[in-house]
Amino acid sequence: MPLLTQHYLLLQRNLLYTGITRGKRLVVLVGDPRAVGLAIKNDRPQRRYTRLRDRIVREFEGR
């Protein structure tokens, strides 16, 4: 799991937790140790506007 300070918007405790707990056998954190610290300290999740719902609806409308 890459963790870099350049991706500061994604350095959130809940996302780090999700990434680690989804691992079935092994989880390897790669990157800057400071990024791990930033993610752990950041317990305020931000709303992400991925437009995933719109893309799913558009995909199924085309069928």
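Observations
- For the range 45-59, 3J(HN,Hα) computed residue by residue from phi via the Karplus equation (6.51, -1.76, 1.60; θ = phi - 60°) reads x, 9, 6, 9, 9, 8, 6, 4, 4, 4, 5, 5, 4, 4, 5 Hz, glycine and proline entered as x.
- Here Cα extents along the principal axes in Å was calculated from the structure, and among (i) 42, 27, 18; (ii) 41, 27, 15; (iii) 45, 28, 18 it sits at label (iii).
- Under 5 Å, built H, 5+ apart or other chain: amide partners of Leu3: Val30, Gly31, Asp32
Every read-out reported here was derived from the displayed coordinates using simple, explicitly stated rules and does not represent laboratory data. These numbers were taken from a predicted model, which means no experiment stands behind them.
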